[in-house]
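The values are calculated or read from the model by the stated rules, or taken from the named source; none is laboratory data. All values reported here derive from a predicted model rather than from experimental measurement. Don't worry about glycine lacking a Cβ; one is built from the backbone with ideal geometry, like all the others, and counts go over all protein chains shown. Note: areas computed on protein heavy atoms with side chains; ligands, DNA, RNA excluded. Shrake-Rupley method; radii C 1.70, N 1.55, O 1.52, S 1.80 Å.
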Amino acid sequence: MRLSGDARERPLSIEGRRRLVERCRPVPIAQAATETGVSRASATNVMAGNN
């Protein structure tokens, strides 16, 4: 799912964070970030519990 324009800049919802964590379990963070349409840095922060 690709997000465009404003949606890319919005913070992830709690549900979005949960889904990202679920996707990161079987695949690398960078791949899960690409698949969910967020940056690798954002995905790393979510996985580290910084968001």
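Some values worked out for this structure:
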{"quantity": "With DNA, RNA and ligands ignored, accessible area of residue 23 (1.4 Å probe; Å², nearest 10)", "calculated": "100"}
{"quantity": "Surrounding net charge for residue 29, when Lys and Arg each add one and Asp and Glu each subtract one, Cβ distance under 14 Å", "calculated": "+3"}
{"quantity": "Residue 22 - accessible surface, heavy atoms, 1.4 Å probe, Å² rounded to 10", "calculated": "90"}
{"quantity": "42, 13, reordered so the largest accessible area comes first (probe 1.4 Å)", "calculated": "13, 42"}
